[in-house]
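Everything on this sheet refers to the single structure shown next.
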Amino acid sequence: MYDFIQKFHSGWAYLVLLFLVIAVANSAIGFTSKKEFTAKDRTMALLGLIATHLQLVIGLLVYFVSPLGSSAFGEMKNAALRLTSLEHPLINIIAIVLITIGWSKHKRTQESTAKFRSIAVFYGLGLLLILSRIPWALWF
């Protein structure tokens with residue numbers, strides 16, 4: 001069961017990255033071109049938000065049933081274990097918080113450029129944090 005959940009977490013990450021890249025690119029284009037924020041733009045951002053939150057739930061499940069999760073806290077000198085047991089979960093939770101803040105800020109704003117800016121900045125920061133802490137050696 002653990003192997004399936006872990007592989008699902010790794011596979012779902014591709015979709016998360018795709019949705020985030022699309023949302024950030026769409027918002028950056030919308031912000032720079034001063035276009036009107038439409039339902040299509042909202043849907044793209046919402047897909048990124050939903051995908052990251054689902055990834056968080058799956059990741060927490062993996063973390064607490066994994067032999068590399070919280071049980072590896074005594075091995076912080078080992079870089080690979082530190083990445084999987086501390087850095088990856090912590091930085092990705094911070095990234096998802098930033099993405100959620102971007103979504104919330106865009107909802108409270110009426111102006112289209114401000115909506116695009118909120119999503120582009122906060123989703124972009126979240127995406128960069130996620131990319132910085134992917135355990136690439138385990139992923140491929």
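What follows draws every value from the coordinates through simple rules; no lab data is involved. The structure presented is a predicted model; accordingly, all values stated were derived computationally and were not measured. Backbone-built Cβ (ideal geometry, glycine too); neighbour counts: all protein chains shown.
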Neighbour-count ranking for Met44, Met76 (other C-beta within 10 angstrom, fewest to most) reads Met76, Met44
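Between His53 and Leu15, 0.36 nm times their residue separation minus their Cα-Cα distance comes to what?
Numbers: separation 38, 0.36 × 38 = 13.68 nm, distance 1.22 nm.
Here the segment from His53 to Leu15 would lengthen by 12.5 nm.
For Trp103, Trp12, what ranking results if the residue with the fewest other Cβ atoms within 10 Å of its Cβ goes first?
So the ranking, lowest neighbour count to highest, is Trp12, Trp103.
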Only helices counted: for the chain, with every DSSP H run of 4 or more residues adding -39500 (n - 2.57) and the sum spread over all residues, [θ] at 222 nm is -26000 deg cm²/dmol
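Going by how many other Cβ atoms sit within 10 Å of their own, how do Thr38, Thr113 line up, fewest first? Show your work: numbers first, answer last.
Working: Thr38 11, Thr113 16.
The fewest-first ordering by Cβ neighbours comes to Thr38, Thr113.
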The helix 39-65 Cα axis meets the longest alpha-carbon principal axis of the chain at an angle in degrees, between 0 and 90 and rounded to 10, of 10
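Report relative contact order for the stretch 2-139 in percent, whole number only (criteria: Cα-Cα under 8 Å, sequence separation at least 6). Mind showing how you got there, number by number?
Values: 153 pairs, mean separation 44.6, N = 138.
In percent, rounded to a whole number, it is 32.
List the trypsin sites (Lys or Arg not before Pro) within the stretch 37-98 that DSSP assigns to loop and that have no more than 10 neighbouring Cβ atoms inside 10 Å.
Working: sites: Lys40, Arg42, Lys77, Arg82; in loops: Lys77.
When the trypsin sites (Lys or Arg not before Pro) of the stretch 37-98 are filtered for loop state and at most 10 Cβ neighbours within 10 Å, Lys77 remain.
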Rounded to the nearest 10 degrees, the helix 88-107 long axis (Cα) sits at an angle to the longest Cα principal axis of the chain of 20
One finds the C-alpha centres of the stretch 96-112 and the stretch 1-58 to be spaced, in Å, by 14
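Which trypsin sites (Lys or Arg not before Pro) does the stretch 86-140 hold that lie in a coil by DSSP with at most 12 other beta carbons within 10 Å? Display every interim value, and only then the final one.
Numbers: sites: Lys105, Lys107, Arg108, Lys115, Arg117, Arg133; in loops: Arg108, Arg133.
Here the sparse-neighbourhood loop sites are Arg108.
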